[in-house]
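I have placed the structure first, in the form of structure tokens, so that the comments after it can refer back to it.
The values are calculated or read from the model by the stated rules, or taken from the named source; none is laboratory data. In this text, all values refer to a predicted model and were calculated from it rather than measured experimentally. In this analysis, Cβ positions are derived from the backbone assuming ideal geometry, glycine residues included, and neighbour counts consider all displayed protein chains. We work out accessible area using only protein heavy atoms, side chains counted, and drop any ligands, DNA or RNA first. Shrake-Rupley method; radii C 1.70, N 1.55, O 1.52, S 1.80 Å.
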Amino acid sequence: MDHKLFLLVLSVSVYAVDIKILDTPDLKLQLENNPYGGINVICERKGLRETISVIGRNAGDTKDVNQDGDILIQYENDTRVTISANEVASGYLITFTWISGNKEKLEDCVNLGSHHWYGGPQQKRQYWPIEKLLLQDYSYVSKEADNCAVAEPYWLNSNGIFYYFDKKVPLFVNQNSIDKNAACFYAEIKPPYSKKREINELIYAMGIFDNARAAHEFAIDKYLKKPNGLPDEGMLTYPIWSTWARYKRGINHDIVLKFANEINAHDFKNSHIEIDDLWEVCYGSLTVDERKFPDFKNTVASLKEMGFRVTMWAHPFINKDCEPWYSEAVEKGYLVSSEYGSVETSWWNDNGTTTAYIDFTNPDARIWYTDRLKNLQTEYGVDSFKFDGGESSWSPQIPVLRGDINDQPGVITADYVRTVAQFGPLVEVRTGYRTQDLPVFLRMIDKDSYWTFENGLPTVITTLLQLNMNGYPLVLPDMIGGNGYNEAPTKELFIRWLQASTFMPSLQFSYVPWDLDNETIAISKQFVNLHEAFAPTLLEACARAVQDGSPVNPPIWWIDPNNTETYDIWDQYLLGETILVAPVIEHGAKQRDVYLPNGKWQAQGNPEKIHDGGDWIRGYPAPLDTLPYFIKV
């Protein structure tokens, strides 16, 4: 049971602060003046004394300090902060609650130190760990920029300390910009947050635990939460086949059936086939274009006769020229409006006009949207949907939304994802905001067909780790080989991409192996079959995520959290706690170094090849048909 710890104010003056927050045998936490402004939070444990953060950098002079269980520090400008400390089951939880007028800026800075950091925003150039990220005045909302479709306000370090911010906070981040080796979190009422907020708040929890795993498990239980159900078993077992990367918008009845026939003719299994962009009359109509699909009921029926389930691409937008649906939405107030009274915004399929974003904070708009999708299911037999978009930045700025002004604009993303989650365990979304509890696949944003960190193959692994450590264990990797926006993937890139994805929750094809050569077909079948063979292990990992929130694909330090060698390894991942995967992601490489955590490991499922963990295997052989993976004995 949590209990308040003894909080002692040693000395107080208008100009000096010297306060013990915690004084226990294993942890001492103290506040001391910073000579350059603000107050140092000094942590002493494990024989190390370090300044872990500086709070109140811009708050000015202290006016008064009171201690009545909690610490209350008041400033000359009427800003105040309340600090409380609690011992929890396996560590300590300290909460900071800053409140000021709506004109003030509240800023606390975290020392990144010599530790490695996890969590943070999804990024296009997804480095991991994240301590080297450069973020400047970064509005912490889900947005198109930088592929930041997931911006969970959670940071965790390798020393067992996490920070988690309350949803009321109008949060911005400066990381490695003004102050090197520091992440400054500040609350300020400016775009994209509404100036209608009456007060400014910077509220967050700091957890201090023995190691990163213990800290993360506590954060899952108290803040991040866990999925409340399992995703579709077929989706975990067999490949998804999408029309997008191979055909882009050039789809119709004949092309879709030809695609399905090719899949079957080459003897590949399927979870389902996904009909992507431009099946609609116009964007937002949610009405089948009969010029492309003259008898869509027959299209779906034919696909099902061939053994496919059928999903369709959907999004939250409606273009201005998409009539009569656009006018109906305007008339009924179903669109997000800006504070200036405009519903006009933009997205990647504007087609020379403007668009609007359906207001998912409006219950009537939600029903209008979902009823039309349900009609598609009823009329044509569609199984489910792939939902695109949903980031708050697509709204006209500054958006006027339903509900508490202090939850905006993030609430539009949460309400969108929660609305579409009702379409069952086949659902995939690409954005999230405090929606880790939903049993839906979170798809990585479109990846490019590159070998580099410019949104290429390495970021498939780093994004997997980043999302898992933000509490999203049901990650759907993007299409094998990438989206080919500049050119289609080469044979080598295609095969290495497939191998990297093999022990992730699902395989998603659009580019196909038979467009390359027979060797690619054979190698692809090898790894599709390997994924299927380990589907029971995937299901077990997903069931554990439902039970206790454990990541399905954690970093390797998860099973060896006190081993410093594991903290910055970004190109290996685990499936559950028993399978270690070390894909080749370097162009032309035929071998790679592999680190095995403590224990004994069976290479490639071969019981005669046992390696002792706790060290590197240098130059592990990995020709084009080989994915290095190891099973813990």
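Observations on the structure shown:
- Farthest towards the positive end of the charge dipole of the chain, among the residues Asn606, Tyr247, Ile412, is the Cα of Asn606, using unit charges on the Cβ of Lys, Arg, Asp and Glu.
- Among Leu530, Ile556, Gln572 the positive-end extreme of the charge dipole of segment 526-586 (Cβ point charges): Leu530
- Restricting segment 209-258 to trypsin sites (Lys or Arg not before Pro) in coil, as DSSP defines it, with at most 13 other Cβ within 10 Å: Arg249
- Among beta bridges that DSSP assigns inside the chain, antiparallel share in %, nearest 5: 85 percent
- For segment 29-182, the tally of Lys pairs with Cα-Cα distances below 23 Å comes to 15, considering only residues 8 or more apart or on different chains.
- The charge dipole of the chain, taken about its Cα centre with unit charges on the Cβ atoms of Lys, Arg (+1), Asp and Glu (-1) only, comes to about 280 debye.
- Accessible area per residue in Å² at 1.4 Å probe, computed on the chain: 37 Å²
- Loop trypsin sites (Lys or Arg not before Pro), segment 289-349, which have at most 13 other Cβ atoms in a 10 Å radius of their Cβ (DSSP): Arg291
- Within straight-line cross-link reach of Lys609, lysines at Cα separation under 20 Å, skipping those fewer than 8 residues along the same chain: Lys590, Lys600, Lys632
- Extension gain (nm, one decimal) between Glu454 and Arg249, 0.36 nm per residue minus Cα-Cα: 71.4 nm
- One chain, two ends: Asn298 and Asn351. Fully extended at 0.36 nm per residue, the span grows by 16.1 nm beyond their Cα-Cα distance.
- Summed side-chain charge close to Phe268 - residues other than Phe268 whose Cβ falls under 12 Å, Lys, Arg +1, Asp, Glu -1: -1
- Both the radius of gyration and Dmax for the chain are 25.6, 81 Å, in that order, over alpha-carbon atoms.
- Those GluC sites (Glu not before Pro) in segment 261-296 that DSSP places in a loop and that have at most 16 other beta carbons within 10 Å: Glu290
- Inter-site label distance for His266 and Asp404 at 7 Å from Cα along Cβ, in nm: 5.1 nm
- Amide H contacts of Asp388 (H built 1.01 Å from N, in plane; Pro and chain starts excluded): Ala314, His315 sit under 5 Å, all sequence-distant by 5 or more or on other chains.
- Exposure of Phe453 as accessible area (Å², to 10), given a probe of 1.4 Å and all protein chains: 40 Å²
- Whole-percent carbon and sulfur share, accessible surface of the chain, 1.4 Å: 48 percent
- Using just its DSSP H runs of length 4 or more, each adding -39500 (n - 2.57), the chain gives a mean residue ellipticity at 222 nm of -6000 deg cm²/dmol after division by all residues.
- Under the convention that each Lys and Arg Cβ holds +1 and each Asp and Glu Cβ holds -1, the size of the dipole of segment 223-273 around its Cα centre is about 320 debye.
- Under 13 Å, Cβ to Cβ, from Gln136 - net charge with Lys/Arg +1 and Asp/Glu -1: -2
- Residues with amide H under 5 Å from that of Ile21, placed H, sequence gap 5 or more: Leu29, Gln30, Leu31
- Its Cα centre serving as origin, segment 492-633 has a Cβ charge dipole (Lys and Arg +1, Asp and Glu -1) of approximately 180 debye.
- Set of segment 564-588 residues, backbone N closer than 17 Å to the point 7 Å along the Cα-Cβ line of Glu217: 576-578
- Of the residues Leu106, Tyr92, Asn66, the one whose Cα sits farthest toward the positive end of the charge dipole of segment 61-110, with +1 on the Cβ of Lys and Arg and -1 on the Cβ of Asp and Glu, is Leu106.
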